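Chemist: I am attaching a structure below and will ask some questions about it afterwards.
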Amino acid sequence: MFPIVNAKFLARDVKQLEIHAPRIARKQLPGQFVILRLHEQGERIPLTIAASDPAAGTITIIVQGVGKTTRLLNRLEAGDPILDVVGPLGKPTDIENFGRVAIIGGGVGTAIALPVARALKAAGNHVIAIVGARTADLLILLDEMRQASNELHIMTDDGSAGDQGFVTTRLEAVMKRQPPLDRVVAIGPIPMMAAVSRTTRPAGIPTIVSLNPIMVDGTGMCGGCRVQVDGRAQFACVDGPEFDAHKVDFTILAQRNSMYHDHERASARKLDASPESELAKVRSACRLEAVCAPGPAECERLEKATAQSVSSACAVDARPGE
Amino acid sequence: MADKLPTKERIKIPRAAMPEQRADLRIANFREVNLGLETAAAEREAQRCLSCATPACVQGCPVGVKIKQFVDEVVAGEYLKAAATIREDNVLPAVTGRVCPQENQCEGACVMGKRMTSLAIGHLERFVADYERQTGQIGLPQRAASTGKKVAIIGSGPAGLSCAGDLALRGHDPTVFEALHEIGGVLIYGIPEFRLPKQIVRQEVDNMRLMGVKFVTNCVVGRTVTIDELMNEEGFDAVFIATGAGLPRFLNVPGEHLAGVYSANEYLTRVNLMRAYDADSHDSPIYDCRDRTVVVVGGGNTAMDSVRSAKRLGAKRAIIVYRRGPEQMPARAEEVHHARDEGIEFMTLTNPIEFLGDEQGRLRAMRCVKMELGEPDDSGRQSVSEISDSAFEMPIDVAIIAVGTGANPLVQSTTPELQTNTHGYIFADEQSLRTSKQGVFAGGDIVSGAATVILAMGAGRRAAAGIHDYLQSGNW
């Protein structure tokens, strides 16, 4: 079990959660993700790690409430437990001194772009950050992004913050400047990443995107996250999640991601109608076999503390509820 | 306590038939198909054993269960003693009693099979294990004094569990690391509830906890922690890699990306591990199979598990498509028989060459060709070739690809000293299961390629013996 140690909203429906997961915190590199499951009946969903603090043993994820599980995550508070968190998964971002790099974050994708920007700047790149959202109140992490870059451009669809227009409008302008861009990294909604890919393709600028297909195990076992890259099936969980944008088939990615749309909408509606029973499932989750055996003593102590504070009726050795 | 009948009488007893849930009822639920022998039936079946002086059945068992002895104990009515006898060699009797291909192993070797029908050893093993579980008096074997040696076992499938059990008995301190959130590997994510109820796996795992085995879930060795870190920083004296053959193979034909095309691994994981069949209380979705046509490509046990799951999820037609003939299907005869009873259709000598989708990218049809068998090759397996101009199109809604699995490279790729073959399987000495890296052993499907639960358990046992030798002698 993985306790939430800090939780706050960054924007409407966008929440930042700091989770105690020492093994993952120790290993995480920019671009990697975790898979989590909230309770015994829950689904497994992948979320990219926005930051980690190895000393405190915590990782940070930033979640936009879209489907049932992400909306439920947005209802959790410090002290709540997450039943399963596994990671860090996927290949880390390639970090080296490429020269001039544009980093584009769309909506909540900015959370994932941030650690990449930080690492690339630290590696000596001139980092041009372009962040965009539909409206001003969906923009997140602007101060952090400003610090992690050499220049920050803000775009909103309605002009309520920064300049009005798409991130690609600004990218086109940046591409006209000299010296030319050496690399572009784009993280955000599929249509945005596809648009960035179309923008940079004629100029042949190497462009990396971080893909978010539906996953189950995250270890290459199920193949559910397969994406078409250069006409071949690749597993985003182990071969990615980052790929050469110019080789990705975004249409297939969007189609596969909408595979369960009806189901997702129905369960999100059900959650909104009565969130209490789902929250109770999260809060009664009690399983101590998960992380403690050879791990640090600190982890065990925290687990016990959480288990007791979460539910006094919950015995330390209890099996997962059926 | 029953006395043993004279041989003349014994051979007159017909082999016990396994009672089953009726086919027309079971296709609407995920409850177990086989119901298990009643006590009287089990006792009568045990009476059939000829008590051979040199029992061939034991030779036929990959883990060497003392079959003659436990069957004698059943005849004597000492079921708990029989269970303890099995446990000395097999930590998962309730599992193997259900999923072992006994017809090729113990029962295949049984001398009675030559003249009449072999002893129903699998049914008896299951009976004994279920009896023990129902009484709650688990006959756990005695542990040796603690050696203080820590062993990390990577993967909680049959090979890992078997190795952990044996190591615990020898006084070592095993910790099993599992990538998923539940212990059991393929027993949990792969084999469906109607063939192996998950509660049984959980109870066997709990028994292992009582034996002193520790479990860590949500830990992907190769990502969360590496083998070197386990050995150098976390104090493990030896490591056993039992990660299985978990990489799904696809057909590599056009249209496999379409929504509605699954690997068997994904389909079964959603159904079993994530309980998608219980949609009212579980969140994980699965493509709606109700009143639709589901095709499963392949002829092995995984294909049978997938197609029978699809039927239970409400498929109007659930069809096996297999490129060779019915006689060549690698699935157990019992599974094929159960599938036929459940109304599964079989399209053999048929091979899909393309999947076709609608404008939303959803599967709507497949194109297949008919195949014909040719001359047997050197290995005795008949070649198979396409019949020209035989292509046809067939409307389908869901396709599940069950044509085998390969080696998952995660552990190997982060442990460079491990030697692998061209297919990515790990090299290990056949007897000691030592790999090319000191202190590291490997066994089960990650060494042999996809095989059976019991062969993996056999490898786990050999690994435990190899690890024990290494820990005692210190010699590599």
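The values are calculated or read from the model by the stated rules, or taken from the named source; none is laboratory data. All of these numbers come straight from a predicted model, not from anything done at the bench. Virtual Cβ from ideal backbone geometry, glycine too; neighbours counted across all protein chains shown. The protein model used for the area step is the full one, side chains on, heavy atoms only, and it has no ligands, DNA or RNA in it. Shrake-Rupley method; radii C 1.70, N 1.55, O 1.52, S 1.80 Å.
Chemist: Checking A:Pro241 against (1) over 17 Å from A:Ser197 (Cβ atoms); (2) at pLDDT 90 or above; (3) open to solvent by less than 70 Å² (accessible area, probe 1.4 Å), which test does it fail?
Modeler: Here A:Pro241 clears every test but (1).
Chemist: Restricting attention to the stretch A:86-106, report how many residues are open to solvent by less than 40 Å² (accessible area, probe 1.4 Å) and outside any strand (DSSP E or B).
Modeler: Looking only at that region, the number is 3.
Chemist: Regarding the stretch B:30-47, can at least one residue be identified that is surrounded by 21 or more Cβ atoms within 10 Å (Cβ to Cβ), small (Gly, Ala, Ser) and over 25 Å from the mean Cα position of the chain (by Cα)?
Modeler: Yes, there is a match, as at least one residue in the stretch B:30-47 is surrounded by 21 or more Cβ atoms within 10 Å (Cβ to Cβ), small (Gly, Ala, Ser) and over 25 Å from the mean Cα position of the chain (by Cα).
Chemist: Before we move on, is B:Val151 outside any loop (DSSP other than H, G, I, E, B), in contact with a Ser or Thr (Cβ under 6 Å, 6 or more places away or on another chain) and under 30 Å from B:Gly235 (Cα atoms)?
Modeler: no
Chemist: When the stretch B:145-182 is examined, which residues are found to be open to solvent by 10 Å² or more (accessible area, probe 1.4 Å), without any contact (Cβ under 8 Å) to a residue 60 or more places away in the chain and not polar (S, T, N, Q)?
Modeler: Within the stretch B:145-182, B:Ala145, B:Gly148, B:Leu169, B:Asp173, B:Glu178, B:Ala179 meet the criteria.
Chemist: As an exercise: evaluate A:Glu278 against (1) at pLDDT 50 or above; (2) open to solvent by 40 Å² or more (accessible area, probe 1.4 Å) and give the number of the one condition it does not meet.
Modeler: (2)
Chemist: Any residue at all in the stretch A:122-139 that is closer than 26 Å to A:Glu43 by Cβ, among the β-branched types (Val, Ile, Thr) and either modelled with pLDDT under 95 or open to solvent by less than 10 Å² (accessible area, probe 1.4 Å) (or both)?
Modeler: Among the residues of the stretch A:122-139, not one is closer than 26 Å to A:Glu43 by Cβ, among the β-branched types (Val, Ile, Thr) and either modelled with pLDDT under 95 or open to solvent by less than 10 Å² (accessible area, probe 1.4 Å) (or both), which makes the answer no.
Chemist: What helices (runs of 4 or more DSSP H), lying completely within the stretch B:15-119, carry at least 2 residues that are under 30 Å from B:Val271 (Cα atoms)?
Modeler: B:23-26, B:93-99
Chemist: Hey, can you tell me all the residues within the stretch B:318-333 that are part of a helix (DSSP H, G or I) and either under 16 Å from B:Ser306 (Cβ atoms) or in contact (Cβ under 8 Å) with a residue 60 or more places away in the chain (or both)?
Modeler: B:Ala333
Chemist: In this structure, does B:Gln203 turn out to be open to solvent by 30 Å² or more (accessible area, probe 1.4 Å) and in contact with a helix residue (DSSP H, G or I) (Cβ under 8 Å, 6 or more places away or on another chain)?
Modeler: Considered against the rule, which asks whether it is open to solvent by 30 Å² or more (accessible area, probe 1.4 Å) and in contact with a helix residue (DSSP H, G or I) (Cβ under 8 Å, 6 or more places away or on another chain), B:Gln203 comes out as yes.
Chemist: Name the one entry in A:Gly132, A:Gly109 that is part of a strand (DSSP E or B) and closer than 24 Å to A:Ala161 by Cβ. Can you show your working first?
Modeler: Working: A:Gly109 fails: part of a strand (DSSP E or B).
Exactly one of A:Gly132, A:Gly109 is part of a strand (DSSP E or B) and closer than 24 Å to A:Ala161 by Cβ, namely A:Gly132.
Chemist: Would you tally the residues in the stretch A:121-173 being closer than 20 Å to A:Ala194 by Cα and of a type in the set (Ser, Thr, Tyr)?
Modeler: 3
Chemist: Just for the stretch B:110-127: of the residues that are buried (at least 20 other Cβ atoms within 10 Å of the Cβ) and free of Cβ contacts under 8 Å to residues at least 60 places away in the same chain, which one is nearest to the chain's Cα centre (by Cα)?
Modeler: So the residue we want is B:Gly122.
Chemist: Please find, within the stretch A:2-31, the residue that is surrounded by the most Cβ atoms within 10 Å (Cβ to Cβ) out of those that are within 22 Å of A:Ala161 (Cα to Cα) and of a type in the set (A, V, I, L, M, F, W, C).
Modeler: Looking at the filtered set, the residue picked out is A:Val14.
Chemist: Related question: Scan the stretch B:402-416 and tell me whether some residue there is within 30 Å of A:Met259 (Cα to Cα) and modelled with pLDDT of 95 or more.
Modeler: First, pick out the residues of the stretch B:402-416 that are within 30 Å of A:Met259 (Cα to Cα): B:402-410.
Then drop every residue that is not modelled with pLDDT of 95 or more, which leaves B:402-403.
Checked against the condition, which is being within 30 Å of A:Met259 (Cα to Cα) and modelled with pLDDT of 95 or more, the stretch B:402-416 yields at least one hit.
Chemist: Cβ-Cβ under 8 Å, sequence separation 6+ or interchain: first residue in the stretch B:368-387 and closer than 23 Å to B:Gly255 by Cα and touching a residue at least 40 places away in the same chain (Cβ under 8 Å), partner part of a strand (DSSP E or B) and among the aromatic types (Phe, Trp, Tyr). Which pairs?
Modeler: Note: pairs meeting the criteria are B:Cys368/B:Phe392.
Chemist: Open to solvent by 50 Å² or more (accessible area, probe 1.4 Å), modelled with pLDDT of 95 or more and not aliphatic (A, V, I, L, M) - does that describe any residue in the stretch A:205-215?
Modeler: Scanning the stretch A:205-215, I find at least one residue that is open to solvent by 50 Å² or more (accessible area, probe 1.4 Å), modelled with pLDDT of 95 or more and not aliphatic (A, V, I, L, M), so the answer is yes.
Chemist: Which numbered condition trips up A:Thr219, out of (1) touching a Phe, Trp or Tyr at 6+ places or on another chain (Cβ under 8 Å); (2) in contact (Cβ under 8 Å) with a residue 60 or more places away in the chain?
Modeler: All conditions are met except number (1).
Chemist: Quick check, is B:Glu342 open to solvent by less than 40 Å² (accessible area, probe 1.4 Å), among the charged types (D, E, K, R) and at pLDDT 95 or above?
Modeler: Taking the combined requirement at face value, the residue satisfies it.
Chemist: Also: Taking only the stretch A:71-98 into account, find how many residues are under 19 Å from A:Pro3 (Cβ atoms) and within 14 Å of chain B (Cβ to nearest Cβ).
Modeler: Of the residues in the stretch A:71-98, 10 are under 19 Å from A:Pro3 (Cβ atoms) and within 14 Å of chain B (Cβ to nearest Cβ).
Chemist: Next up: Go over the candidates B:Leu180, B:Leu187 one by one and state the one that is out of contact with any Asp or Glu (no Cβ under 8 Å at 6 or more places or on another chain) and either away from every other protein chain (no Cβ under 12 Å) or not in a helix (DSSP H, G or I) (or both). Full working, then the answer.
Modeler: On the way: B:Leu180 fails: out of contact with any Asp or Glu (no Cβ under 8 Å at 6 or more places or on another chain).
None of the others qualify; the one that does is B:Leu187.
Chemist: Quick test of your reading of the structure: B:Thr302 fulfils all but one of (1) open to solvent by 30 Å² or more (accessible area, probe 1.4 Å); (2) hydroxyl-bearing (Ser, Thr, Tyr); (3) not in a helix (DSSP H, G or I). Name the failing condition by number.
Modeler: B:Thr302 satisfies all of (1) open to solvent by 30 Å² or more (accessible area, probe 1.4 Å); (2) hydroxyl-bearing (Ser, Thr, Tyr); (3) not in a helix (DSSP H, G or I) except (3).
Chemist: I'd like the full set of residues that are in a helix (DSSP H, G or I) and surrounded by fewer than 18 Cβ atoms within 10 Å (Cβ to Cβ), limited to the stretch B:128-144.
Modeler: B:Gln134, B:Thr135
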